[in-house]
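Just below is one structure, and these are the notes that go with it.
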Amino acid sequence: MTQRHAWDFELTGALAAHRPTLDWLPDHLAELLPDEPVALHLLSLASDLCDAGHIHLDIVMWLLGADHLHSVIVSEEHFDRGPESVDTTFETTVSAHPLDTIVGTQLSSASHPDGTQLDVSLAVMLNTPGHTGHADPVSIEDPDVFSYAVAIQPTSLSFTVGPERTGELSSFASALLAARNGFAG
């Protein structure tokens with residue numbers, strides 16, 4: 001039997017309060033994750049209503065282990081098969097990032113001009129091969145010329161939550177860097 005972790009209790013409680021029909025999900029994630037001690041975790045649940053009237057759920061979880069940062073993403077998708085038939089699937093992605101691939105962290109937030117903080121994000125930069133990025137169309141006065149501005153950055157993970165969790169993300173970043181330094185040392 002796998003051991004229960006703090007993330008398991010937190011996720012079980014959140015689902016019981018908001019989505020009790022998903023009580024199977026923590027056990028499913030426990031089967032996908034290594035059964036090893038977790039020093040610290042971050043968990044975020046976000047629901048939204050799509051144009052078709054479905055409630056979608058996205059779960060992002062980071063688990064700091066002895067030698068890996070595990071990233072878990074669960075996305076709920078709905079597919080209309082007819083007026084009375086909707087199929088629901090859950091796509092789960094689990095990634096393991098060795099601590100010695102972590103280059104650094106970045107904490108950022110967005111706020112209104114009046115100073116009200118909207119959210120906070122923790123990014124973890126990785127030294128793995130490859131880059132991530134996006135291309136934005138650039139408007140040039142000549143209609144025959146179409147170009148893009150390409151922004152490329154090293155591969156990274158991102159975790160965004162409400163401003164009330166700023167201290168939690170800052171503490172996680174410090175613990176992650178300390179674990180990485182201890183792992184490399």
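The values are calculated or read from the model by the stated rules, or taken from the named source; none is laboratory data. Fair warning: this is a prediction, and the values are worked out from it, not measured in the lab. Here Cβ is always computed from backbone atoms with ideal geometry, including for glycine, and neighbour counts include all displayed protein chains. In case anyone asks, the SASA skips ligands and DNA or RNA and just uses the protein heavy atoms, side chains included. Shrake-Rupley method; radii C 1.70, N 1.55, O 1.52, S 1.80 Å.
Counting only residues that are without any contact (Cβ under 8 Å) to a residue 60 or more places away in the chain and under 12 Å from Leu157 (Cα atoms), how many does region 102-123 have?
Initially, region 102-123 is screened for residues without any contact (Cβ under 8 Å) to a residue 60 or more places away in the chain, giving 103, 106, 108-121, 123.
Right, trim to under 12 Å from Leu157 (Cα atoms) and you get 103, 106, 121, 123.
Residues in region 102-123 being without any contact (Cβ under 8 Å) to a residue 60 or more places away in the chain and under 12 Å from Leu157 (Cα atoms): 4 in total.
Applying a threshold of 6 Å to beta carbon distances and a minimum spacing of six or more residues, or different chains, the list of pairs starting in region 61-78 at a residue that is more than 24 Å from Phe183 (Cβ to Cβ) and ending at one that is open to solvent by 50 Å² or more (accessible area, probe 1.4 Å) and not acidic (Asp, Glu) reads Val74/Phe90; Glu76/Phe90; Glu77/Thr89; His78/Val86; His78/Thr88.
Residue check: is Glu91 modelled with pLDDT of 90 or more, open to solvent by 60 Å² or more (accessible area, probe 1.4 Å) and closer than 29 Å to Leu64 by Cα? For Glu91, the condition - modelled with pLDDT of 90 or more, open to solvent by 60 Å² or more (accessible area, probe 1.4 Å) and closer than 29 Å to Leu64 by Cα - is not met. Name the single residue, out of those in region 1-14 being part of a helix (DSSP H, G or I) and touching a residue at least 24 places away in the same chain (Cβ under 8 Å), that is farthest from Leu176 (Cα to Cα). So the residue we want is Ala14.
Taking region 23-42 as the range and being without any contact (Cβ under 8 Å) to a residue 40 or more places away in the chain and either over 24 Å from Leu69 (Cα atoms) or open to solvent by 80 Å² or more (accessible area, probe 1.4 Å) (or both) as the test, the residues that pass are Asp23, Trp24, Asp27, Glu31, Asp35, Pro37.
Each row is one residue, and each column tells you yes or no for (1) out of contact with any His (no Cβ under 7 Å at 6 or more places or on another chain); (2) at pLDDT 90 or above.
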| site | (1), (2) |
| --- | --- |
| Met1 | yes, no |
| Phe9 | yes, yes |
| Gly13 | yes, yes |
| Arg19 | yes, no |
| Asp23 | yes, yes |
| Asp27 | yes, yes |
| Ala39 | yes, yes |
| Leu42 | yes, yes |
| Asp48 | no, no |
